[in-house]
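*Asks:* Once you've had a glance at the structure underneath, I'll fire off some questions.
The values are calculated or read from the model by the stated rules, or taken from the named source; none is laboratory data. Worth saying up front: this structure is predicted, and the values here are computed from it rather than measured. We place every Cβ from the backbone using ideal geometry, glycine too, and count neighbours over all the protein chains shown. These accessible areas exclude ligands, DNA and RNA; they are computed on the full protein's heavy atoms, side chains included. Shrake-Rupley method; radii C 1.70, N 1.55, O 1.52, S 1.80 Å.
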Amino acid sequence: PSRVVAHASSAARGATSLVAAGAGAVDRPYRSSAGSWARYNLTKVANIWQARSLSKKLKARGLEGEVLSLACQPGYANTNLQFTAGKPYYLLKVLNNTVAQGAKPGADPLLRCCVDPEIEPNSFVGPQYMMWGPAVLEEPSALARDDAEAEHCWRLLAEQSEAAKHLPRGMDWYC
């Protein structure tokens, strides 16, 4: 089957409710490093919500065997991502070089989603020990598994997407 793979992060576990934050949460400017990380956390849980919503929609249309919707997270990989949300800190550099796994093991969950012939629809893959280790099936956070949050996120993005306004006839189920 074809695959749609959403790339999330263990940072999704630090996200807060989109429903509680209100629709403006996506557009609200973040002026601090802490605010940037809060937005990053929200985007990563939103990736999981989108994968879960798409999987449900594919199943409802009888397409689950033809297209798999999956999500993954790389764990703590030494890729310099930690330095993009503000001024680099010496401690982060030390942690990256001593605690983080390499970029290649960080890519393993994504690769597993792309090529594992036995992976099930709606799977979530990450490192065995959440931050590092071999790629295994894992359980996303309770917030990431919340169907109401996932549907709210799906609707919000469909309403704001220009592409959704131009779908061919018969694709309205997508929105």
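*Asks:* If I ask for residues that are surrounded by fewer than 23 Cβ atoms within 10 Å (Cβ to Cβ) and of a type in the set (G, A, S), which ones from the range 33-52 would you list?
*Replies:* Hits for the range 33-52 are S33, A34, G35, S36, A38.
*Asks:* A further question on this structure: Could you please find all residues in the range 64-96 being at pLDDT 75 or above, among the aliphatic types (A, V, I, L, M) and closer than 26 Å to L143 by Cα?
*Replies:* V67, L68, L70, A71, A77
*Asks:* So which residues in the range 1-19 are open to solvent by 30 Å² or more (accessible area, probe 1.4 Å), hydrophobic (A, V, I, L, M, F, W, C) and in a helix (DSSP H, G or I), if there are any at all?
*Replies:* Matches in the range 1-19: V19 only.
*Asks:* Pairs needed: first member in the range 92-109, surrounded by fewer than 18 Cβ atoms within 10 Å (Cβ to Cβ); second member anywhere, of a type in the set (D, E, K, R) and assigned to a helix (DSSP H, G or I); C-beta distance under 9 Å; at least 6 residues apart or different chains.
*Replies:* Going by the 9 Å Cβ cut-off, there are no qualifying pairs.
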